[in-house]
Amino acid sequence: MMLAAGARLGPYEVIAPLGAGGMGEVYRARDTRLQRNVAVKVIAPAFANDPERLRRFEQEAHAAAALSHPNILAVHDVGSAPVVQAEGTTAVVHYVVSELLEGGTLRERLQAGLLSPRKAVEYAIQMANGLAAAHDKGIVHRDLKPENVFVTSDDRVKILDFGLAKLNAAESPFTGSTLATMASSTEPGRVMGTMGYMSPELVRGQTADPRSDIFALGIVLFELLAGRNPFARETAPDTMTAILKEDVPEIHLSDGSLPGGLDRVVRRCLEKSREQRFQSARDLAFALEAVSDNRGTGAFAAKSGAVRADDAQAFTAPARWSAGRWLPWVLAAALAAALLLVWQRVPRGASGQAGVMRFTIKLPADAPAYLELGASLAIAPDGSQFVYVAKTSHGSQLYLRRMDDSVARPIPGAEGAEFPFFSPDASWVGFFSISGQAGARLAGSALKKLPLTGG
């Protein structure tokens, strides 16, 4: 049943249809009380008498209404109202009222062409932040996919459609019969979600948790970068087998390989065992922000505006580069920049003349820079210190060298480090902790951070 312009659903006056999906139609409407335009989602008449469909429809409204986050669609109201049909009979229409968005789904954005890696990570950070807010309320989405992510005209990401959401009774804001109703379809053994974006545990019919959403976000991020779903096959059984058994394929950009730090983040999201994935969406957002903000990893600054030439070259550089040829020059340039910061902080005399300052920074003979790794150096924002990945007899080790100290010292707990970066106030250093030798470092990496206190 399509609603005509001017139809009333309580205080909401229908203006025009916006689209239709499996559950019903969406309309642009006017809130006559608050004098604002809204979106009204109406369940299809064929499903209005189906208890399961109606339950899912109401569940979506309740789940989304419990959340208030800029990366989640805001729900304003839910209700039902009688509507006179064309044949003169009256039917009760169930509806959900949400904010009206201008833009399109992430699927539509993908159909217009591949995103730049910078933009893909920017969107993934916003999705991870939205999921983190939902998970904090005990809500697992369970159906994250490009069709359920909206990109507004000002490039903000909104997560839609909590119709399959699962609530954790221990953390849920709902109580009593509402929670019991909303959780009724989450029993083990029942497969819920969209094929191609389901985690291995959902494929097996096991209970979902926040790490199931992280797997789905990993698939979406892979698709944003590569233009294809890593596990999609011609048939549903083949797709399920790929999710359960097959390795994540390589991502190849048009101008080169994916930067190693970003590749590791994607692969960690897509670990078959949920224990091996990021353990929270907030950790994932942190890792993506670290990769995006750390130019030394061959990444980019996701929060900046237009893509500059040096950003594009950094993104298209392969994860494994000729470190023996370039790293000494990068190290020299980085140290020169740090020394310039130190020089700028030296008090000037009345004449404004500055003396020439020369430094020789010598690394320990038993801990040289690990030239085989592509991202070995990070300088503190204030130029007071730097860290580098050293090659030792036991593998890689992160060393700290303060500008007021003559010795580079190993950082306890930073064994197997790669891709170091400082916090904005230089109070701690973050890094990826790798297992095995450089050739096998894509597997088993973990994001860590350590405080920089004492000597």
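Some points to look at:
- The set of residues in the range 240-249 being among the charged types (D, E, K, R) and surrounded by 12 or more Cβ atoms within 10 Å (Cβ to Cβ) consists of E246 alone.
- Residue check, A112 in contact (Cβ under 8 Å) with a residue 60 or more places away in the chain and on the phi < 0 side of the Ramachandran plot: no
- Of the set (1) outside any loop (DSSP other than H, G, I, E, B); (2) modelled with pLDDT of 90 or more; (3) surrounded by 17 or more Cβ atoms within 10 Å (Cβ to Cβ), all apply to N229 but (1).
- The residue that is surrounded by the fewest Cβ atoms within 10 Å (Cβ to Cβ), counting only those in the range 79-121 that are small (G, A, S) and more than 19 Å from T152 (Cβ to Cβ), is G88.
- Exactly one residue out of A74, A39, A81 is over 30 Å from Y123 (Cβ atoms) and of a type in the set (A, V, I, L, M, F, W, C), and it is A81.
The values are calculated or read from the model by the stated rules, or taken from the named source; none is laboratory data. Only a predicted model underlies this, so the values are computations on that prediction, with no experimental measurement involved. Quick reminder, even Gly has a Cβ in these numbers, built from the backbone with ideal geometry, and neighbours come from all protein chains shown.
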